[in-house]
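These notes concern the structure reproduced below.
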Amino acid sequence: GDSYDEECDYLFKAVMIGDSAVGKSNLLSRFARDEFRLDSKPTIGVEFAYRNIRVGDKLIKAQIWDTAGQERYAYRFRAITSSYYRGALGALLVYDITRRATFENTKKWLRELREFCSSCMAIVLVGNKSDLTHSREVNEEEGKILAETEGLYFMETSAMQNLNVEDAFLQMINQIHQTTI
Ligand code: GDP
Ligand code: MG
């Protein structure tokens, strides 16, 4: 079950990163609560959501942090950045397949991850908004190649249509489970 206070065997932290408006908050709300919002409501303050996942006979509670609408690196303080990443074991690095700049910027996000999150061992590169086929600016192949080069997992998702959302999170969670337990 997904109840908040169910007894769990393991608790771990993961983070959502990527440019503004790529769909991070909607991916998380889809995964945690099966909700989607058409209007963009920027995340204010650090938010997080929980979901319990059963892997084998263990119950894992994933605590997933979402950015505070402070996606623009230049505006953030290092102290905030490091507390955001502290102790995280996984990350979903999200771009928007309809905005090439968000894909190019994943390299900056990776640099930040590697600087601030030495514990992040499971990183999934996520090309979101796969439902918007007519405005696509990044091919699926490009995402795959980047992921291979950087040693990441890769998936295209649609938070709106609920495509691959569960898979993207579970890939990260399974990987953390395999490497830590
Ligand atoms: P964040 O700033 O990265 O947290 O992005 P949001 O989750 O707030 O989403 C930004 C905008 O993109 C909102 O208007 C969402 O409704 C929209 N959006 C998010 N995911 C998808 C998706 O998979 N498909 C489409 N078409 N729109 C999406
Ligand atoms: Mg958000």
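The values are calculated or read from the model by the stated rules, or taken from the named source; none is laboratory data. Computed from a predicted structure; not experimentally measured. Because the Cβ atoms are built from the backbone with ideal geometry, glycine has one as well, and the counts that use them run over all protein chains shown.
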Can you tell me which residue within the stretch 120-154, out of those that are surrounded by 15 or more Cβ atoms within 10 Å (Cβ to Cβ) and hydroxyl-bearing (Ser, Thr, Tyr), is nearest to ligand 2 (Cβ to nearest atom)? Ser130
I'd like the full set of residues that are more than 9 Å from ligand 2 (Cβ to nearest atom), among the basic types (Lys, Arg) and not in a strand (DSSP E or B), limited to the stretch 12-30. Arg30
Scan the strands (runs of 3 or more DSSP E) fully inside the stretch 34-123 and keep the ones with 2 or more residues being in contact with a strand residue (DSSP E or B) (Cβ under 7 Å, 6 or more places away or on another chain), within 16 Å of ligand 1 (Cβ to nearest atom) and at pLDDT below 90. 47-55
Report the residue count in the stretch 165-181 for those that are surrounded by 20 or more Cβ atoms within 10 Å (Cβ to Cβ) and closer than 15 Å to Leu28 by Cβ. 5
Residues satisfying the stated conditions in the stretch 90-119, i.e. within 16 Å of ligand 2 (Cβ to nearest atom) and either surrounded by 21 or more Cβ atoms within 10 Å (Cβ to Cβ) or within 14 Å of Lys13 (Cα to Cα) (or both): Ala91, Leu92, Leu93, Val94, Tyr95, Asp96, Thr102, Trp109
Restricting attention to the stretch 96-132, report how many residues are closer than 18 Å to Leu27 by Cα and over 16 Å from the mean Cα position of the chain (by Cα). 4
